[in-house]
């Protein structure tokens, strides 16, 4: 059988054992951080294809959407064959589940939650009276699951049901690291989900079908050449995995060990640091509110943000090219004309060439090699979670990445600044709702993102934030003031950009769309002023403009501000007149599906194109909430 050699990897014996195992073999792979499990998973796919398996017969389940594109790129590099790489069915479990569910249930609703979809599909597979799903799943010849330690509860049950329907000759490769299992945290990265069943997928496989799986381990750490970091990746990992009768004591011990093994301890907080952070750096915090606070201290200094709750950042070249295209199809020639007239004249759009851009769109909605179906493209880009390959993984375009530990999972950087919670006192700080074993693993995940340098310090432990029902973070500062998060996923919508309720004519919108080009790859300060005549909405005004360029969402933002006003005072408080110290981090594209009711209230041509540019904004600003009768 043919071997697969990566361009930058010489497989060791443990990696090769996984990659070149017989196609029908079922394996549980224990793979700690830095042992190359994603590379091995991609190498496994490439080896299977080189030895005769068709790419569309291989399913790979990735835990995050961000990893999907990285996996595709690696498979493509190993194979040197883009078409075969894209044939492999790489997706998150939720995405795989939706595709199966919608394919076998004509009444499947895209607007339903992912959890509802998981539950319905699991039931469908169990019942499957007509054997249609079973017949479909029997066509799969190899299933690969990455980050399996984070698949728990109903999702683990779904994967077990899928495995039960696969052919006996279908191979399965499952990668996991129990030391990185931080599955208990919901999408906001702070609230623990109250899943009754916290058994991981590997646990359930061992329990219910262990005799059909063999076990192996990736042992060598490739991520770092540092002796102390290597000890952190291996010896500390063993301690994290060792059960303890006193979880809080273990948490503090691991915290102190991470500090002892770090290259530098007691590093200054971001608000007290004098020198700049290197470009390839992570600055990691435990909570979203800390990320927001840290970013506010950097102001216009280049940096990026990675955490939950941010908008889906479809690449701006999509909006630059297609915002005024109203036909039902798009030819390759017209696309190249749009590119030449729009993207080529826009500063700093250098991350992709037009041929690659066209190919990405073709893969999503190509009718032929030279024609796209625009309705199909809008349906796919207009999903709640658009394809990861057309999106940026974080807000901002350059500088160090400030993020939560949770959002950094699966990523790595040369330099990591881990801002840890303070050591907890077992008599004073014990919280019966805290899973200290999980908190231990969270710290371990953060520390093991480093390739070269690890510095540790304390986070903003004094800063306690709350959330309104939508998930927006705020902090009560007393005297009717509050720090408020601005820039949530729905704070800017198509209506706020091109809506007839907010703008009288299309010319104003066209002018605003052109102005946005100026904010492509830099951070620009802005503020938002309230417009009472339009029902307490805010108009965003950049620091270098005299007029607004977009209206912030009444439904998402203004309503939350009314709720925050009531929460901090209990009185009849209204939102602030001005939101200060906001930052524009760049641009993204908003895409509405063709059947979106929101299109009905937009100016032309955006009502028909459903595509437009939007600024990406963020702020954690201290604001005063006045009484209704007060007018400043």
Antiparallel %, DSSP beta bridges [both residues in the chain], to 5: 55
Potential extension, residue 231-residue 511 segment - 0.36 nm per residue separation minus Cα distance: 95.1 nm
Kirkwood-Stokes translational diffusion coefficient of region 467-624, alpha-carbon pairs, 4 °C, 1.567 mPa s, µm²/s: 81
Cα principal axis extents for region 13-218, largest first, Å: 43, 38, 33
Where labels lie 7 Å past Cα in the beta-carbon direction, separation of residue 596 and residue 273 in nm: 3.7
Cα Rg, Dmax, region 463-514, angstrom units: 16.3, 45
Surface/4 estimate of mean projected area, convex hull on alpha-carbon atoms of region 430-494, nm²: 8.2
Cα-based convex hull, the chain, per residue volume (Å³, whole number): 168
For region 391-522, the fraction of alpha-carbon pairs in successive 5 Å shells from zero, as %: 2, 7, 11, 14, 15, 16, 13, 9, 6, 5, 3, 1, 0
Percent RCO, i.e. relative contact order, over the chain, from Cα pairs under 8 Å lying at least 6 residues apart: 15
Order by protection proxy (mean Cβ within 10 Å, highest first), peptides 242-251, 214-223: 214-223, 242-251
Mean-position separation - Cα centroids, region 372-391 and region 14-83, in angstrom: 26
Average Cα contact separation per residue, region 13-218, under 8 Å, 6 or more apart, as relative contact order %: 32
Cα→Cβ-extended label distance, 7 Å offset, between residue 536 and residue 300, nm: 3.3
Nearest-0.05 FRET efficiency for residue 463 and residue 244, computed from C-beta distance (R0 30 Å): 0.55
Inter-centroid distance (Cα atoms) of region 311-338 relative to region 562-590, Å: 32
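Just so you know, all these numbers are worked out from the coordinates, no wet-lab data involved. Values in this document were obtained by computation on a predicted structure and should not be read as measured data. Cβ: placed from backbone, ideal geometry, glycine included. Neighbour counts: every protein chain shown.
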